[in-house]
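Input: a single structure, listed below in structure tokens.
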Amino acid sequence: MHPQQAEIPVMEVKLKLLGELESLGFPRARAVRALHHSGNTTVEAAVNWLVDHENDAEIDQMPLVTINMDIESPQASDITEAIKTKEQELRDRVRINKREEEKKREREREKERIRAGKELLEAKRIAEENERQRLLAFRKAEKEEEKRAREKVLQKLELDKSERKRALGLPLTSQAVKPSAPIIQEKKNSLPVKSVKKADRMRECLRSLKHTYRGDNARVKRAYQTLLIYVGNVARSPDEEKYRKIRLSNPKFQERVGNLKGGIEFLELCGFERSEGNDFLVFPREKVDIELLNSADSLLKSAITNPFFGLLEHVRED
């Protein structure tokens, strides 16, 4: 005997049962092992054993066989029916497992949809709160600006009244109204010193622009609106390079901002810098100051909507 064959086990099978299994399409090696391990009882038992052990490592290794021809086996029709029943059970089991897996995946998808919905609602709430705070800050700044403008109008009226009385030789019964110090102090405390100084310079720049072109309100308003677009784009999308670069030779830019006294100066106060041989205004990403841009945004909106804006700073010159 060959040395390797000595290690192969000897199995006893019934000849008739073996023939029936082979007629059903099972390989001889598998049929022999199934009959031996199922006790050579029935073809159905052998089929059940094959279903349970089809992944065994040695399932296709042919053993030595001792044939037993004395025992009868069931009819082929019974065997076929048993096999069909077993196959149906397997299919049903697979279908049930797939259905359970699909239900599990659907539950996970529903959890993910709920989580994403909560995150979206939270993001929306935060955005709305930020917008509300921004509007409150803008309205506060606008009211302060209007209050200062009214005080300066009253001051100018008192001064004019005093001058007329003095010219007529009448006694002076009232003093010129002074601007209220608390408002100025509150403004100083509301922002860092650097931002306050820049904000004051930007306000003065806008007032000077309005005073210089006071005979052309449409041109002034268009300049303010154009500056508001440039500032707003950078504040909303600081990472977008296209919003941080302006070609100085652009005809529309020159018409609306570039040719106006104070237009480019205002953009430079916001953070734009001349570069590439003075051909462009560029806003370096690392120098974007959102707080300063928000201040510029509020100033521009006040300049557009407040009829007193820029009216009083040059009143003595008039």
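No value in this document is a laboratory result; all are computed from the given coordinates. Model, not experiment: these values are computed from the prediction. In this analysis, Cβ positions are derived from the backbone assuming ideal geometry, glycine residues included, and neighbour counts consider all displayed protein chains.
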Unit-weight point scatterers at every alpha-carbon of the stretch 194-305, Debye formula, q = 0.14, 0.16 1/Å: log10 I(q)/I(0) is -0.51, -0.67
Taking amide hydrogens as modeled 1.01 Å from N in the peptide plane, which residues meet the under 5 Å criterion relative to Glu12, leaving out close sequence neighbours? Thr66
Skipping prolines and chain starts, which residues have an amide H placed within reach, meaning under 5 Å, of the one on Arg274, given they are 5 or more residues away or on another chain? Val282
Based on the mean of other beta carbon atoms within 10 Å per residue, what is the order of 129-142, 244-257, most packed first? 244-257, 129-142
What order, most packed first, do the peptides 282-292, 229-239 have when packing is the mean number of other Cβ atoms within 10 Å of each residue? 229-239, 282-292
With eigenvalues of the C-alpha gyration tensor scaled by 5 and rooted, the stretch 221-267, Å: 18, 12, 8
Square roots of five times the Cα gyration tensor eigenvalues for the stretch 11-68, Å: 15, 12, 10
By average C-beta atoms within 10 angstrom, highest first, the peptides 46-59, 105-118: 46-59, 105-118
The stretch 194-305, relative contact order in percent, only Cα pairs under 8 angstrom and at least six apart counted: 35
When only C-alpha pairs under 8 Å and at least 6 residues apart count, what is the relative contact order of the stretch 11-68, in percent? 47
Pulled fully out, how much extra length does the chain show between Lys161 and Glu101, if you take 0.36 nm times their separation in residues and subtract their Cα-Cα distance? 12.6 nm
